[in-house]
Amino acid sequence: MLIGSNKIESHNEELLKKHTNKLAFTTTEISDTESIIKKLIDFQIAIPSWALGTGGTRFGRFAGGGEPRSLEEKIEDVGLLHALNNASGAISLHIPWDIPTDHNAIKALAAQHNLKFDAVNSNTFQDQANADHSYRYGSLQNVNKAVRKQAIAHNIEVIQQGIALGSESLTIWLADGSNFPGQLNFRKAYQNTLESLEEIYDALPSNWKLFLEYKCAEPNFYSTTVADWGQSYSYVKKLGDKAQTLVDLGHHLPNANIEQIVSLLLMENKLGGFHFNDSKYGDDDLTAGALKPYQLFLIFNELVEGMDARGMNHAKDLGWMIDASHNIKDPLEDLLQSVEAIMIAYAQALSVDRKALEIAQDENDVVKAQEILQNAFRTDVRALVAEARLRSGAALNPVELYRSLTVRKNLIGERGLKTMATGL
Ligand code: LRH
Ligand code: MN
């Protein structure tokens, strides 16, 4: 379903007066709003191809209808999101869930929707129907060399798919681990995984990145072979400059200080990118900023500080991706809310008075430092995020326009109630 610019213009006209007043007030509260708005316009968040349908758990899945039946329809749905917020300018594919049949046709369709292909994701956590070997006991860690070779070949195949689409990075998440003490020799599992990653690393084009995503548990519940930032860092450090660590916000043990992990990985130039989502208990894959918006702000606060310290380009030098699962919300509304929450956290972090914060830290004025941070968090920056959309031809209120255009009803009309998208 295409959203004509006329629909967006008439929507914005209705909201313009209220928006202009809010923006005028916000510019009195925050200094240098122009550079913040410019940075927001440049900031693009990749949408996961595996999160455009209804997600579920082992206890059930409640389809919402109108789900994309093909990669082409997934690109249309991401194109729709991008038309509404002009901040979802890339799609991240998961192979084999979304294998393009005709790369040029897919690239042309994506270009029509102003979309690029972000990181491609390999999948050695599920057995494919025609596979020779099973990943039951892991993939790159597996004691059986033939299984490792199959997993390495798959990752190299995914790189080829990415090259054909113009992607420049491979994300590897390994479910590998063990469920019981004694099941695994940790040293051999590490060595097998490293040697396998080295073969995959050697297949990377010179301008590509390899993102190694860590996760503390699930589907293995005693050990995970890439379980935390330290283990991922130890692998990517050994692999080389093209290898970096990917931080999925839901992959940490309870109460982990993710913003400190981010700060350290940035300092070490080993932070590759993010899978944004939110969670309360496990890898809940909920809407970004829905439960812990202050943590999301603190993470962006470290990102802005650390990226500026290294003179990095905020929009281009890290992988910004969402990784969520929509069990009860409309997938597209959920993704619009996640992008909004990420843009708000970024805008808040950009509005922090860095000089004053540095002075407070140098004077150990703990109260002052907290006042400066919380002032930025408690200042309403939504008018800046909306202004960035307005200036780039998108909607002042994407969710409101999505609903007033009855997009989901139209998609159900077009695709049916029972369609099921590939993915989680
Ligand atoms: C693992 C993960 C990984 C993806 C999968 C869909 O939990 O976060 O990023 O491959 O979800
Ligand atoms: Mn992830």
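Among Ile99, Ile106, Ile75, Ile91, which is the only one that is in a loop (DSSP other than H, G, I, E, B) and hydrophobic (A, V, I, L, M, F, W, C)? Step through it out loud before you land on a result.
Details: Ile106 fails: in a loop (DSSP other than H, G, I, E, B); Ile75 fails: in a loop (DSSP other than H, G, I, E, B); Ile91 fails: in a loop (DSSP other than H, G, I, E, B).
Exactly one of Ile99, Ile106, Ile75, Ile91 is in a loop (DSSP other than H, G, I, E, B) and hydrophobic (A, V, I, L, M, F, W, C), namely Ile99.
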Can you name every residue in the stretch 115-143 that is of a type in the set (Asp, Glu) and surrounded by fewer than 20 Cβ atoms within 10 Å (Cβ to Cβ)?
Asp127, Asp132
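If you take the residues in the stretch 144-202 that are among the acidic types (Asp, Glu) and surrounded by fewer than 20 Cβ atoms within 10 Å (Cβ to Cβ), which one is farthest from Leu212 (Cα to Cα)?
Step one: list which residues in the stretch 144-202 are among the acidic types (Asp, Glu), which gives 157, 168, 176, 195, 198-199, 202.
Filter once more, keeping what is surrounded by fewer than 20 Cβ atoms within 10 Å (Cβ to Cβ): 157, 168, 195, 198-199, 202.
Working: Glu157: 17, Glu168: 14, Glu195: 14, Glu198: 12, Glu199: 14, Asp202: 15 Å.
Per the criteria, the residue is Glu157.
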Pairs where the first residue, in the stretch 154-183, is within 11 Å of Ile95 (Cβ to Cβ) and away from ligand 1 (no atom under 16 Å from the Cβ) and the second is charged (D, E, K, R) and in a helix (DSSP H, G or I), C-beta under 8 Å, 6+ apart
Leu165/Lys107
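Please enumerate the residues belonging to the stretch 243-266 that are in a loop (DSSP other than H, G, I, E, B) and buried (at least 19 other Cβ atoms within 10 Å of the Cβ). Please lay out each step first, then the result.
First pass over the stretch 243-266, keeping only residues in a loop (DSSP other than H, G, I, E, B): 249-257.
Once the filter is applied, which keeps residues that are in a loop (DSSP other than H, G, I, E, B) and buried (at least 19 other Cβ atoms within 10 Å of the Cβ), the stretch 243-266 yields Leu249, Gly250, His251, His252.
Just give me the residues in the stretch 193-236 being part of a loop (DSSP other than H, G, I, E, B) and more than 16 Å from ligand 1 (Cβ to nearest atom), in sequence order. If you could, list the steps in order and put the result at the bottom.
Filtering the stretch 193-236 for residues part of a loop (DSSP other than H, G, I, E, B) gives 203-208, 214-222, 225-228.
Ala203, Leu204, Pro205, Ser206, Asn207, Trp208, Tyr222, listed by residue number.
Got at least one residue in the stretch 146-159 being of a type in the set (S, T, N, Q) and either at pLDDT below 95 or in contact with a strand residue (DSSP E or B) (Cβ under 7 Å, 6 or more places away or on another chain) (or both)? Break it down into steps so the answer makes sense when it comes.
Of the residues in the stretch 146-159, the ones of a type in the set (S, T, N, Q) are 150, 155.
Keeping just the survivors that are either at pLDDT below 95 or in contact with a strand residue (DSSP E or B) (Cβ under 7 Å, 6 or more places away or on another chain) (or both) gives 155.
Within the stretch 146-159, one or more residues are of a type in the set (S, T, N, Q) and either at pLDDT below 95 or in contact with a strand residue (DSSP E or B) (Cβ under 7 Å, 6 or more places away or on another chain) (or both).
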Complete set of residues in the stretch 360-403 that are in contact with a helix residue (DSSP H, G or I) (Cβ under 7 Å, 6 or more places away or on another chain), without any contact (Cβ under 8 Å) to a residue 24 or more places away in the chain and of a type in the set (S, T, N, Q):
Gln361
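The values are calculated or read from the model by the stated rules, or taken from the named source; none is laboratory data. The structure presented is a predicted model; accordingly, all values stated were derived computationally and were not measured. Don't worry about glycine lacking a Cβ; one is built from the backbone with ideal geometry, like all the others, and counts go over all protein chains shown.
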